[in-house]
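Chemist: Dumping the structure here so I can ask a few things about it.
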Amino acid sequence: MKGILWGLAGVMVLAGCASQSGRSTAVGGRVTITVNEKGFEPEAVMVEAGKPVTLVVTRTTAQTCATELVMPAHGINQPLPLGQAVEIVFTPEKAGELTYACAMDMYKGKVIVR
């Protein structure tokens, strides 16, 4: 019984570390991203190739230059009004990494396509 409890504790610690790693996995093709003073959080998200993805992006501060999200590979240049959730929909066709950034290319994030 002690071994099982230690095993469960280990899994909980690993799960906590994974959630703090700056990555998120899309659930049903939807990913929530917050833009704050630190930039895009989480800074990396994982999605599946060939399936539509909806990034739900909310800018929570005026103290950043990240007032839009630019993803050149998909022709996206989406303004991010303060305090409003903005949905950005696209379909990544192949595995790899797609980068996005603010218009000044100071704050960056990536979509990891599996």
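Chemist: So, in region 14-42, exactly how many residues are within 13 Å of the chain's Cα centre (by Cα), at pLDDT below 95 and assigned to a loop (DSSP other than H, G, I, E, B)?
Modeler: 5
Chemist: Sticking with this one: Taking the options Thr54, Thr64, name whichever one is of a type in the set (S, T, N, Q) and modelled with pLDDT of 95 or more. Give the steps one after another, and end with the answer.
Modeler: Values: Thr64 fails: modelled with pLDDT of 95 or more.
Being of a type in the set (S, T, N, Q) and modelled with pLDDT of 95 or more holds for just one of Thr54, Thr64, which is Thr54.
Chemist: Just name the residue that is most open to solvent (accessible area, probe 1.4 Å) out of those in region 48-70 that are among the hydroxyl-bearing types (Ser, Thr, Tyr) and outside any strand (DSSP E or B). Give the steps one after another, and end with the answer.
Modeler: Of region 48-70, the ones among the hydroxyl-bearing types (Ser, Thr, Tyr) are 54, 58, 60-61, 64, 67.
Narrowing the set further to residues that are outside any strand (DSSP E or B) leaves 60-61, 64, 67.
Numbers: Thr60: 82, Thr61: 9, Thr64: 18, Thr67: 57 Å².
Looking at the filtered set, the residue picked out is Thr60.
Chemist: Among the candidates Ala103, Ala73, Ala85, single out the residue that is touching a Leu at 6+ places or on another chain (Cβ under 7 Å), modelled with pLDDT of 65 or more, surrounded by 11 or more Cβ atoms within 10 Å (Cβ to Cβ) and among the hydrophobic types (A, V, I, L, M, F, W, C). Walk me through how you get there before you give the answer.
Modeler: On the way: Ala103 fails: touching a Leu at 6+ places or on another chain (Cβ under 7 Å); Ala85 fails: touching a Leu at 6+ places or on another chain (Cβ under 7 Å).
Exactly one of Ala103, Ala73, Ala85 is touching a Leu at 6+ places or on another chain (Cβ under 7 Å), modelled with pLDDT of 65 or more, surrounded by 11 or more Cβ atoms within 10 Å (Cβ to Cβ) and among the hydrophobic types (A, V, I, L, M, F, W, C), namely Ala73.
Chemist: Could you grab me the full set of residues in region 60-74 that are out of contact with any Ser or Thr (no Cβ under 7 Å at 6 or more places or on another chain), of a type outside the set (A, V, I, L, M, F, W, C) and closer than 21 Å to Arg30 by Cβ?
Modeler: Quick first cut of region 60-74, residues out of contact with any Ser or Thr (no Cβ under 7 Å at 6 or more places or on another chain) only: 61-74.
Retained after the next criterion (residues that are of a type outside the set (A, V, I, L, M, F, W, C)): 61, 63-64, 67-68, 72, 74.
Within region 60-74, Glu68, His74 meet the criteria.
Chemist: Residue by residue through region 60-114, note down the ones that are under 17 Å from Val35 (Cα atoms) and of a type in the set (S, T, N, Q).
Modeler: Filtering region 60-114 for residues under 17 Å from Val35 (Cα atoms) gives 60-71, 76-88, 99-111.
Selection gives Thr60, Thr61, Gln63, Thr64, Thr67, Asn77, Gln78, Gln84, Thr99.
Chemist: Could you check how many residues of region 88-100 are of a type in the set (Val, Ile, Thr), surrounded by fewer than 15 Cβ atoms within 10 Å (Cβ to Cβ) and not in a loop (DSSP other than H, G, I, E, B)? Explain how you work it out, then say what you get.
Modeler: Residues of region 88-100 of a type in the set (Val, Ile, Thr): 88-89, 91, 99.
This time we only want the ones that are surrounded by fewer than 15 Cβ atoms within 10 Å (Cβ to Cβ), so: 89, 91, 99.
Then keep just the ones that are not in a loop (DSSP other than H, G, I, E, B); that gives 89, 99.
Count: 2.
The values are calculated or read from the model by the stated rules, or taken from the named source; none is laboratory data. This is a predicted model, so every value here is computed, not measured. Glycine gets a Cβ as well: all are built from the backbone with ideal geometry, and neighbour counts include every protein chain shown. In case anyone asks, the SASA skips ligands and DNA or RNA and just uses the protein heavy atoms, side chains included. Shrake-Rupley method; radii C 1.70, N 1.55, O 1.52, S 1.80 Å.
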